[in-house]
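The values are calculated or read from the model by the stated rules, or taken from the named source; none is laboratory data. A quick note: this is a predicted structure, and the numbers were derived from the prediction, not measured. Cβ placement follows ideal geometry from the backbone for every residue including glycine, while neighbour counts extend to all protein chains displayed. What goes into the accessible areas is simple: the full protein's heavy atoms, side chains included, and nothing from ligands, DNA or RNA. Shrake-Rupley method; radii C 1.70, N 1.55, O 1.52, S 1.80 Å.
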Amino acid sequence: QQFAAHFVDSMPMHEATLSTQPQLLTLNFNFTLSPASTITIERDGQELQTTPGKLSDNKLAMTAELPADAGMGLYLVKYKACWPDNSCHNGQFAFYVK
């Protein structure tokens, strides 16, 4: 797993194997995120059209909804976590739906 500064964990977790596709991805951080933060999701190398990532009320997490028909395969989640001082860090994690 590639960690960005202040990354805590994700749901689903990195390297998880799931029997059903999750509807929502959550990335947790221990530092306040700014609205410039983004999430991009690929399945088997193809970028999925997702709703824009949303910040939690406390700005310590960001979420993204997966399309209902995204299906089985290898998912790669790439994120850009930006802080209030305008610095950003990139990270990624992967999970599999079988």
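The set of residues in region 41-98 being in a loop (DSSP other than H, G, I, E, B), under 22 Å from Thr20 (Cβ atoms) and touching a residue at least 40 places away in the same chain (Cβ under 8 Å) consists of Leu66, Ala68, Ala70, Gly71, Met72, Lys98.
Within region 77-98, being aliphatic (A, V, I, L, M) and crowded, with 18+ Cβ neighbours inside 10 Å holds for Val77, Ala81, Val97. Across region 17-27, the qualifying residues are those that are free of Cβ contacts under 8 Å to residues at least 60 places away in the same chain and open to solvent by 50 Å² or more (accessible area, probe 1.4 Å), and the one among them that is nearest to Cys88 (Cα to Cα) is Leu24. Taken together, the residues in region 43-66 that are surrounded by 14 or more Cβ atoms within 10 Å (Cβ to Cβ) and either touching a Leu at 6+ places or on another chain (Cβ under 6 Å) or charged (D, E, K, R) (or both) amount to 8. Look at Thr40 and say whether it is of a type in the set (S, T, N, Q), within 14 Å of Gln92 (Cα to Cα) and open to solvent by less than 60 Å² (accessible area, probe 1.4 Å). Yes.
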